[in-house]
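The values are calculated or read from the model by the stated rules, or taken from the named source; none is laboratory data. Because the structure is predicted, anything quoted here is derived from the model rather than measured. Please note: Cβ atoms are built from the backbone with ideal geometry, for glycine as well, and neighbour counts cover all protein chains shown.
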Amino acid sequence: MAEHVHVRLNHGLEVSEEGDLIELSRCRCGATWSRSYRVDEGEPER
Ligand SMILES: [Zn+2]
């Protein structure tokens, strides 16, 4: 198959041991992604 633009389909959510939210996505071709979001329970600090 020719190259295509991956379509990220929502594949679920997980929570890591550290409490981060992990968003799982996958494309029909089998490619997968995982994005982690830090869940801050307080004010954002940088
Ligand atoms: Zn794809």
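Among the listed residues 41, 23, identify the single one that is charged (D, E, K, R), modelled with pLDDT of 90 or more and away from the ligand (no atom under 16 Å from the Cβ).
Step by step, each of 41, 23 is checked, and only 23 is charged (D, E, K, R), modelled with pLDDT of 90 or more and away from the ligand (no atom under 16 Å from the Cβ).
Given 28, 35, which one is of a type outside the set (Phe, Trp, Tyr), in a loop (DSSP other than H, G, I, E, B) and modelled with pLDDT of 90 or more?
The unique qualifying residue is 28.
Of all residues being part of a strand (DSSP E or B) and not hydrophobic (A, V, I, L, M, F, W, C) in the range 4-23, which is nearest to residue 36 (Cα to Cα)? Just the residue, please.
Our first condition is that a residue be part of a strand (DSSP E or B); within the range 4-23, this holds for 9-15, 21-23.
Then keep just the ones that are not hydrophobic (A, V, I, L, M, F, W, C); that gives 10-12, 14, 23.
On the way: 10: 14, 11: 14, 12: 12, 14: 9, 23: 6 Å.
This residue is 23.
Filter the range 16-39 for residues that are among the basic types (Lys, Arg) and in contact with a strand residue (DSSP E or B) (Cβ under 7 Å, 6 or more places away or on another chain); which is nearest to residue 3 (Cα to Cα)?
Residue satisfying both the conditions and the ranking: 26.
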